[in-house]
1. Compute the FRET efficiency between Ala50 and Ala4 as 1/(1 + (r/R0)^6), taking r as their Cβ-Cβ distance and R0 = 35 Å, and round to the nearest 0.05.
2. For the stretch 83-124, state the average projected area of the convex hull of the C-alpha atoms over all orientations, rounded to one decimal in nm².
3. Starting from the exponent 0.38 and prefactor 2.2 Å, build the expected Rg for the stretch 1-98 from its residue count and divide its actual Cα Rg by it.
4. Cα convex hull of the chain: how many Å³ per residue?
5. If you wrap the stretch 9-64's Cα atoms in a convex hull and average its projection over all directions, what's the area in nm²?
6. How far is it, in nm, from the label point at Thr131 to the one at Glu307 when both lie 7 Å from their Cα along the line to the Cβ?
7. Rank-order 282-288, 147-153 by packing density, defined as the average count of other C-beta atoms within 10 Å over each peptide's residues, highest first.
8. Which residues' amide hydrogens lie under 5 Å from the amide hydrogen of Lys6, considering only partners 5 or more residues apart or on another chain, with H built in the peptide plane?
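Bear in mind that the values in this text are calculations on the coordinates, not laboratory data. Keep in mind that what you see is a predicted model, and the values were worked out from it rather than measured. With ideal geometry, Cβ positions are generated from the backbone for all residues, glycine too; neighbour counts draw on all protein chains shown.
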Amino acid sequence: MTTATKIYVAGHRGMVSGAILRQLQARHAVGENLTLLTRSSTELDLTNQAAVQDFMQAERPDQVILAAAKVGGILANNSYPAQFIYENLMMECNVIHAAYAAGVTRLLQLGSSCIYPKLAEQPCREAALLTGTLEPTNEPYAIAKIAGIKLCESYNRQYGVDYRSVMPTNLYGPGDNFHPENAHVMPALMRRFHEAKQAQADSVTIWGTGSPRREFLHVDDMAAASLFVMNLAPATYQRETKAMLSHINVGTGRDISILELAQRVAQVVGYACEILTDPGKPDGAPRKLMDVSRLERLGWQARIPLEEGLKGTYAWFLQQNADDLRSK
């Protein structure tokens, strides 16, 4: 029997990492020889350098998927900029260096489309990185994610390891954060329309003008894309990347205005009401659409349509809040 591939999934209780873990577990169930390592944040604080080093030395994983991050929407990024840059930098530095020191030769780091300049040409190509000013509302988070890419590339250059980065567009799906203050736009809208339906409200107000355009990718598609990139043969991966421009965009290649998104969420929730905008609130970047041609040339495309993904996400939200709903 061949030795099992030991894979550490960092941040496995998050939305994306949870989806990655489920797909790895499914592969193991049908015969892939995998040993999956996870630790909760209470078991292993990834901002603690000594703790991460001890864990890596003790477990010696073959591969690492770094999906742990401190994330949030515009309000959270504006409110906690120091926490966003500090915690994300520390997690990346600790995990990537400890992985190298423990002999890990293959690592995948998950980033974010906010790494690109606010006014980058659309759709945004990987080459746009570091060519302009970042969106101010999430600049600290973006800088941390850029540092993660450059950490991977620098370790590749100096130590000959194979550390890769994927940059997803806006993600949504089961496991998302529906907190009224810290949620991203998709779950925030879903919760707002759900509560409006419960209260029989006449209207729902969305942040900003509603005109910015965003791209949305289902978390199960992101998980599949991550494992696809992780498992590419080095020669294939290097065919489409450069030593210091090695990250790969992950998205659908299609976007939608925030106002239109609100209308679609309202349909899925099943509540027709007036949708108002609040131009006094920040819009963020006017458009964020990913050029996904690099990933498509490698052989992967998104499969879950937005409407299908919205319905599944709302069903998950209702299931998670079933007890609260029955009490009302």
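1. Values: r = 28 Å, r/R0 = 0.79.
Computed FRET efficiency for Ala50 and Ala4 comes out at 0.80.
2. Values: hull surface 16.2 nm².
Projected area, direction-averaged: 4.0 nm².
3. On the way: Rg = 14.9 Å, N = 98, 2.2 N^0.38 = 12.6 Å.
Normalised Rg, Cα atoms only: 1.18.
4. Numbers: hull volume 46.0 nm³, N = 328.
Spread over its residues, the Cα hull of the chain gives 140 Å³ apiece.
5. Numbers: hull surface 16.1 nm².
Here the figure is 4.0 nm², rounded to one decimal.
6. 3.5
7. Working: 282-288: 18.6, 147-153: 21.7.
Going from most to least packed, we get 147-153, 282-288.
8. The answer is Thr35, Asp62, Gln63.
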